[in-house]
Amino acid sequence: MGKLTGKTALVTGSSRGIGRATAIRLAREGALVAVHCSSNREAADDTVTAIEKEGGRGFSVLAKLGVPGDVHELFLALERELKERTGAVTLDVLVNNAGVMGGVAPESLTPEAFDRLFAVNAKAPYFLVQRALDNLPDGGRVINISSGLTRVANPQEVAYAMTKGAVDQLTLHFAKHLGPRGITVNSVGPGITDNGTPIFDDPEAVAAMANYSVFGRVGETRDVADVVAFLASDDSRWITGSYLDASGGTLLG
Ligand code: NDP
């Protein structure tokens, strides 16, 4: 029996990258997983197919985050699908993973781009947690994907890092708020992780990025997914309000 048998989970942004690996990993532990992305149904269904190939259970829900009505739309679909499959709308594990990066020089970032970063990376997770409060049972789990860039300076990503700093505050304060219900809230901070984008096909770029980790390689999505799976399980019950460094030692300098 898996560590999450009988549990339900939502992983935002799980059509690819870290979210996809996380959805597959949680399903491998027995969870029924809601695979979410903004609009690419085919990609989300690919994740569901990968889950089902391993004998797991999942379904896809689409909702663009960072726009008015986003959380309502997501939960409308989520609760409908959960009810159909389990007869209830209980959500045991919420993984706030969906995120967008900036990659713009600090001098060039526009207010619109700044607002979008905050809308997707910080505002949406806040209101997803708020909306999930009625669905999360005692002992539930909230896992927020932060970034090592909250600890290491990279001027190209100052606004992005600010959004992840906000995510860490979401973790800290909701951990206290939800402690009496036995719900844990934690952040996971990946370092450079191969999410399948073209830069990871360039051996020179990969070699340069690998130097950041004390292990001399870039992270794989499963490196982060395994940490999330630990936090989702009962094994992590005594950890809350924490930032788990999942950067392969990048922060060691
Ligand atoms: P990817 O870019 O590979 O995937 C992002 C996922 O989020 C996709 O499923 C995407 O779906 C979804 N998404 C993005 N924007 C929205 C939106 N507005 N509404 C709904 N869904 C959205 O991401 P990664 O795997 O690289 O990163 C995952 C998380 O980890 C992010 O929070 C990122 O900040 C963090 N992180 C990543 C690192 C890395 O090196 N990869 C390092 C540190 C942190 P769709 O395409 O349909 O929009």
Next item on the list: Pick out which of LEU82, LEU109, LEU136 has the largest mean-square fluctuation in a Gaussian network model of the chain, springs linking Cα atoms closer than 10 Å.
Entry: LEU109
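Let me know the charge dipole size of the chain about its Cα centre in debye, to the nearest 20, where only the beta-carbon of Lys, Arg (+1) and Asp, Glu (-1) is charged. Intermediate results must be reported in sequence, preceding the final value.
Values: 24 positive and 29 negative charges, 135 e Å.
Taking the Cα centre of the chain as origin, the dipole is about 640 debye.
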Next item on the list: Specify the residue with the greatest mean-square fluctuation among ALA207, ALA132, ALA119, computed from a Gaussian network of the chain linking alpha-carbon atoms under 10 Å apart.
Entry: ALA207
Next item on the list: From zero up to wherever the largest Cα-Cα distance of the chain sits, split into 5 Å bins and tell me the percent of pairs in each.
Entry: 1, 7, 14, 18, 21, 18, 12, 6, 3, 1, 0
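Please work out how much length the chain gains when fully extended from GLU107 to HIS177, using 0.36 nm per residue of separation minus the C-alpha to C-alpha distance, in nm with one decimal. Could the numbers behind the result be given before it?
Details: separation 70, 0.36 × 70 = 25.20 nm, distance 3.79 nm.
Full extension from GLU107 to HIS177 adds 21.4 nm.
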Check: LEU76 versus VAL206, label points 7 Å from Cα toward the beta carbon: distance in nm?
Finding: 4.3
Check: Given R₀ = 45 Å, FRET efficiency for VAL152-LYS64 by Cβ-Cβ distance, to 0.05?
Finding: 0.90
Checklist line | Residue of SER39, SER108, SER233 that the Gaussian network model of the chain assigns the largest fluctuation, springs spanning Cα pairs under 10 Å | finding: SER108
Next item on the list: Starting from 0 in steps of 10 Å, tell me what percent of the Cα-Cα pairs of segment 1-49 lands in each bin.
Entry: 33, 52, 15, 1
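For the chain, which span is the longest to avoid every loop-located (per DSSP) member of GluC sites (Glu not before Pro) having at most 15 other Cβ atoms inside 10 Å?
On the way: sites that count: GLU54, GLU107.
Between the exposed loop sites, the longest stretch runs 108-253.
Just the Kirkwood number for segment 16-154, please: inverse of mean 1/r across all distinct Cα pairs, in Å, one decimal. Write out the running numbers ahead of the final one.
Working: mean 1/r = 0.0623 Å⁻¹.
For segment 16-154, the Kirkwood estimate is 16.1 Å.
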Item checked: the chain: DSSP helices with Cα axial extent of at least 20 Å and average Kyte-Doolittle hydropathy no lower than 0.0 -> 158-178
Next item on the list: Any chance you could run the full-extension gain for ARG57 through ALA43? It's 0.36 nm times the residue separation minus the Cα-Cα distance, nm to one decimal.
Entry: 3.4 nm
Check: When Lys and Arg each count +1 and Asp and Glu each count -1, what net charge do the other residues less than 15 Å away from PHE215, Cβ to Cβ, add up to?
Finding: -3
Check: ASP235 to LEU133: extension gain in nm, 0.36 nm per residue of separation minus the Cα-Cα distance?
Finding: 34.5 nm
Notebook entry, point to check: How much mean residue ellipticity at 222 nm does the chain get from its helices, if each DSSP H run of length 4 or more adds -39500 (n - 2.57) and you divide by all residues, to the nearest 500 deg cm²/dmol?
Noted result: -12500 deg cm²/dmol
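Read the figures in this text as sums done on the coordinates, not as results from a lab. These figures come from a predicted structure and were not determined experimentally. Using ideal geometry, Cβ is built from the backbone for each residue, glycine included, and neighbour counts are taken over all protein chains shown.
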